[in-house]
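The values are calculated or read from the model by the stated rules, or taken from the named source; none is laboratory data. Note that the structure is predicted; figures quoted are calculated from it, not measured. Here the Cβ positions follow ideal geometry from the backbone for every residue, glycine too, while neighbour counts run over all protein chains shown. Protein only, heavy atoms only, side chains kept; ligands, DNA and RNA dropped before computing areas. Shrake-Rupley method; radii C 1.70, N 1.55, O 1.52, S 1.80 Å.
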Amino acid sequence: QVQLVESGGGLVQAGGSLRLSCAASGRTFSNPAMGWFRQAPGEEREFVARVSWSGGSTDYADSVKGRFTISRDNAKRTVYLQMNSLKPEDTAVYYCAATRGPFVGGSSYRTAQKYDYWGQGTQVTVSS
């Protein structure tokens with residue numbers, strides 16, 4: 001079993017920055033896809049970004065491309081989401097997620113159903 005714990009959320013003004021962290025722990029861990037999703041009040045959970053653990057390939061939602069950067073530190077078993085130029089519409093609970101199996105290149109990891117492990121989320125609020 002894998003446990004994921006997010007941190008780094010908070011309140012920030014529009015145009016500001018935050019860095020979210022997702023620390024992974026557990027007895028077993030493959031070469032997974034690691035993703036960030038977010039869910040705004042009354043909205044569906046949506047894809048934000050993902051990275052492959054081993055190769056480090058990335059994918060971003062159009063809404064955050066150029067503003068957000070996903071990265072990972074293999075030694076620390078931690079995934080990060082650097083969020084710059086934040087907008088009020090970025091306000092949401094942000095969730096870290098991981099697949100059970102290895103990342104498959106060329107596959108889409110933009111849907112929540114692709115992931116098996118989830119953190120409890122961290123609140124990001126962007127004020128205007």
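Could you check the stretch 52-96 for strands (runs of 3 or more DSSP E) lying wholly inside it with 1 or more residues that are surrounded by 22 or more Cβ atoms within 10 Å (Cβ to Cβ)?
Working: elements: 58-60, 68-73, 78-83.
Counting at least 1 such residues, we get 68-73, 78-83.
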Close pairs from the stretch 1-15: first within 30 Å of ARG100 (Cβ to Cβ), partner part of a loop (DSSP other than H, G, I, E, B) and open to solvent by less than 30 Å² (accessible area, probe 1.4 Å), Cβ under 7 Å, at least 6 apart: LEU4/GLY119; VAL5/GLY119; GLU6/GLY119; GLU6/GLY121
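Condition check: touching a Cys at 6+ places or on another chain (Cβ under 9 Å), outside any loop (DSSP other than H, G, I, E, B), closer than 21 Å to GLN123 by Cα and of a type in the set (A, V, I, L, M). Does LEU4 satisfy that? Steps first, answer last, please.
Details: touching a Cys at 6+ places or on another chain (Cβ under 9 Å): yes; outside any loop (DSSP other than H, G, I, E, B): yes; closer than 21 Å to GLN123 by Cα: yes; of a type in the set (A, V, I, L, M): yes.
For LEU4, the condition - touching a Cys at 6+ places or on another chain (Cβ under 9 Å), outside any loop (DSSP other than H, G, I, E, B), closer than 21 Å to GLN123 by Cα and of a type in the set (A, V, I, L, M) - is met.
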When you look at ARG100, is it touching a residue at least 60 places away in the same chain (Cβ under 8 Å), surrounded by 13 or more Cβ atoms within 10 Å (Cβ to Cβ) and over 15 Å from the mean Cα position of the chain (by Cα), yes or no? yes
